[in-house]
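> Once you've had a glance at the structure underneath, I'll fire off some questions.
The values are calculated or read from the model by the stated rules, or taken from the named source; none is laboratory data. Predicted model, so just to flag it, every value in this text is computed and none were measured. Here the Cβ positions follow ideal geometry from the backbone for every residue, glycine too, while neighbour counts run over all protein chains shown.
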């Protein structure tokens, strides 16, 4: 029984049903999805286009409080090249590459085609996919296996795959209760918080720049750890967004959840080595603001000078060494007055979850509960924006489904 019909759950169904069919087993594979239709997160991803995979590996950018080797070993079970081949097969053609963003999309550019192909593939392999079937509780049976309670009845299963997803993008009926069930069964749940989420602050000066975007490098620091990402940066009426912001947002979210201080800065252009000579006086050179306008929108340049405490109309030849240093500091490490995040309502994923040390990366099996397997966002690993969280879902879903089926077949072979 697979609880959750999202990305990981559907891959688990495909994998489990295919393994059982290959072995000639008639054991049923049932997917229970709370929402009216499976794969809701697939449907809304990428603005309805579904960034199904990243173009290239970037394992070092995955975030987990567990050892990195466990992230790598988990992804090794279904490598990126194998995932790409799988989707090109079920979608009937090569994935569409977007080299600039390093993303892969379905040939049709339609997210629905990805979801429909997964559901069809699961059903053709022999799995039953039930929608509007919210699970209310999962408990261990004394004689082994699990009782899975729904609204109207209770079902029994010898193997359960928890693929319930996170707290973000919850479809109707879903409640991300998998974390609670895993905890009740003895698993450690690492701090849960929204990730890939816009940051918020109440600065009127920043809100006035809403809609302005450019390329930047954003750095978030907390607890002695620091992470920097580069990409699109956007001022919003609530704060800041864009890929560079989303990719460091988990640092802020976790610090807030754990009551720790944090700081976020943004480098608005080139490096200090590039800005220093540009701000030195040259023959015929103009004002400080004029130099900044060559690389930044006017209002952003004014904001930078305000932070540096330097008047924009100061001629370069009158700019003191100390003032020049302040301008460069503001350009390369501009402090963002971040107060929080937009929360799970707009977060793309949930960071934290079941500790990877408690899950076998080779099979997705719980090391604590016989017959329990875990996949997808319920596990403590989060990738950056760009299809990496789907990569994690496909890898863990396939592994858990196959592992559950193999475990069932081994158990069935020795049973009376």
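> Can you find even one residue in region 350-362 that is within 22 Å of the chain's Cα centre (by Cα), assigned by TED's automatic domain parsing to the domain that holds residue 9, over 27 Å from residue 23 (Cβ atoms) and in a loop (DSSP other than H, G, I, E, B)?
Checked against the condition, which is being within 22 Å of the chain's Cα centre (by Cα), assigned by TED's automatic domain parsing to the domain that holds residue 9, over 27 Å from residue 23 (Cβ atoms) and in a loop (DSSP other than H, G, I, E, B), region 350-362 yields at least one hit.
> To continue, here is another question. Checking residue 228 against (1) surrounded by fewer than 18 Cβ atoms within 10 Å (Cβ to Cβ); (2) part of a loop (DSSP other than H, G, I, E, B), which single condition isn't satisfied?
Here residue 228 meets the rest and fails (2).
> Filter region 1-52 for residues that are at positive phi, surrounded by fewer than 24 Cβ atoms within 10 Å (Cβ to Cβ) and touching a helix residue (DSSP H, G or I) at 6+ places or on another chain (Cβ under 6 Å) and give the result.
Result: 48, single match.
> Okay, moving on. For the structure I just gave you, tell me whether residue 24 is free of Cβ contacts under 8 Å to residues at least 24 places away in the same chain and outside any strand (DSSP E or B).
yes
> Quick one: is residue 337 on the phi < 0 side of the Ramachandran plot, in the same structural domain as residue 255 (by TED's automatic domain parsing), modelled with pLDDT of 95 or more and out of contact with any strand residue (DSSP E or B) (no Cβ under 7 Å at 6 or more places or on another chain)?
When the stated conditions are applied, residue 337 passes them.
> Let me ask another. What number of residues in region 176-203 are under 19 Å from the mean Cα position of the chain (by Cα) and part of a loop (DSSP other than H, G, I, E, B)?
Summing the residues that are under 19 Å from the mean Cα position of the chain (by Cα) and part of a loop (DSSP other than H, G, I, E, B) in region 176-203 gives 5.
> Looking only at region 55-81, filter to residues that are farther than 17 Å from residue 377 by Cα and touching a strand residue (DSSP E or B) at 6+ places or on another chain (Cβ under 8 Å); which one of those is surrounded by the fewest Cβ atoms within 10 Å (Cβ to Cβ)?
55
> Does residue 306 fit the bill of being over 37 Å from the mean Cα position of the chain (by Cα) and within 21 Å of residue 320 (Cβ to Cβ)?
For residue 306, the condition - over 37 Å from the mean Cα position of the chain (by Cα) and within 21 Å of residue 320 (Cβ to Cβ) - is not met.
> Which residues, taken from region 235-251, are assigned to a strand (DSSP E or B) and under 19 Å from the mean Cα position of the chain (by Cα)?
240, 241
> Quick one: which of 187, 250 is touching a helix residue (DSSP H, G or I) at 6+ places or on another chain (Cβ under 6 Å) and modelled with pLDDT of 95 or more?
Among 187, 250, only 187 is touching a helix residue (DSSP H, G or I) at 6+ places or on another chain (Cβ under 6 Å) and modelled with pLDDT of 95 or more.
> Oh, and also: How about region 252-295: which of its residues are part of a loop (DSSP other than H, G, I, E, B) and under 17 Å from residue 326 (Cα atoms)?
Those that are part of a loop (DSSP other than H, G, I, E, B) and under 17 Å from residue 326 (Cα atoms): 268, 269, 270, 271, 279, 280, 281.
> Ok, one more. Scan region 213-221 and give yes if some residue there is in a loop (DSSP other than H, G, I, E, B) and either more than 16 Å from residue 250 (Cα to Cα) or assigned by TED's automatic domain parsing to the domain that holds residue 138 (or both), otherwise no.
no
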